[in-house]
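Written out below as structure tokens is the structure these notes cover.
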Amino acid sequence: MSNAISYAEPVEVDSPDNCFWYHTMDLPGHGLVEGAWDFRGQDEFFFSNTKFAGKRVLEIGPATGALGFRMEALGAEVTSVELPSGNNWDVVPLAAANPVRVFAGRETNMRRVKRSYWLSHRALGSKNRVISCSAYDTPHESGPYDIAYFASVLTHMQNPFQALRHNLDMTTERVIIVEQYHPDWTPETPGANITFQPDCRNPDFYDTWWTFTPTALVKMVGVLGFEKVVLVLHEQLCGKDQTPVPLATIIADRTRPPFKAIQEN
């Protein structure tokens, strides 16, 4: 592995105050901190039969970090990709929105999420590493990785297939994707549909691009050489009102090497 990879320096955060807790966590020295999602005790739904011991994992978008820290506890060496400060993710360019307010609010929230990650990282004594970059630009020199993990991030990307291809080109064994899907979908539903979410009538809806059927995600990873698939459907509770949200976890194993363009002489 190249020594040229620049990993993010840990940020010292001593208090849960002024953090945004995406995940509920049990943290030594801080006790229970409550977030929007509580994935504790849910390994069967987020990892299925994945064996993490001795595996190198590439996690795209850790948020507070609960899943990455859990994979570490199960024996993985985890590298997470997170956007650097001042570099908002793919904000929907709604003409009706106020860009100053949108970007200022998004940057404030991202900083608070990162604070929750680094506080958790320190409290747990984690060795997980973070590369500050876009998911479209993960340095291939940091790989290869055995497993790639995408949890509720493709929905926020303008070009989700591009992000998948870039990161799966350096993934040798397995990809795991978790995404929300429409509650009326079943495995018998025909079509691999992707729905465009932004609407000019709602200028506050600027951080989500797509909703996927699980079938669409299965076909995407199949195109990229991950054809052996297990699909796990589950519901998780979200927010203060504990709304049940249908999630699909796609666990797909590589069956073919990545497609490589022919280089002309």
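Read-outs: derived from the displayed coordinates by stated rules, not from any lab. These numbers come from a predicted model, not from an experiment. Counting neighbours? That spans all protein chains shown, and the Cβs are built from the backbone with ideal geometry, glycine included.
Below are the figures for this structure:
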| read-out | value |
| --- | --- |
| Phi-based couplings in Hz for the stretch 175-182 (Karplus 6.51, -1.76, 1.60; Gly and Pro marked x) | 10, 10, 10, 10, 8, 6, 9, 5 |
| Sorted by Cβ density within 10 Å, fewest first, the residues 131, 251 | 131, 251 |
| The stretch 25-253: relative contact order in percent, alpha carbon pairs under 8 Å with at least 6 residues between | 22 percent |
| Formal net charge of residues neighbouring residue 251 (Cβ-Cβ distance under 10 Å; K, R +1; D, E -1) | +1 |
| Residues 194, 5, 177 arranged by fewest to most Cβ contacts within 10 Å | 5, 194, 177 |
| Segments 29-38, 143-152, 236-245, 205-214 sorted - mean Cβ within 10 Å per residue, highest first | 143-152, 205-214, 29-38, 236-245 |
| Low-density loop cleavage sites - GluC sites (Glu not before Pro) in the stretch 135-193, where at most 12 other Cβ are within 10 Å (DSSP) | 188 |
| Linear extension gain, residue 188 paired with residue 243, 0.36 nm per residue minus alpha-carbon span | 17.3 nm |
| DSSP-defined beta bridges in the chain - what % are antiparallel, rounded to 5 | 55 percent |
| Inter-label distance for residue 6 and residue 98, nm, one decimal - labels placed 7 Å from Cα along Cα-to-Cβ | 3.4 nm |
| Residue 193 long-range amide H proximity, modeled H, under 5 Å | 213, 216 |
| The chain: calculated mean residue ellipticity at 222 nm from DSSP helix runs of at least 4, using -39500 (n - 2.57) | -6500 deg cm²/dmol |
| Contact order relative to length of the stretch 169-265, as percent, for alpha carbon pairs under 8 angstrom and 6 or more apart | 35 percent |
| Of (1) 22.0, 77; (2) 24.4, 92; (3) 18.3, 61, the label for Rg and Dmax of the Cα atoms in Å derived from the coordinates | (3) |
| Relative contact order, percent, the stretch 18-67 [alpha-carbon distance under 8 Å, six or more residues apart] | 39 percent |
| Of 51/114; 127/228; 51/127; 228/260, those spanning more than 25 Å from alpha-carbon to alpha-carbon | 51/114; 127/228 |
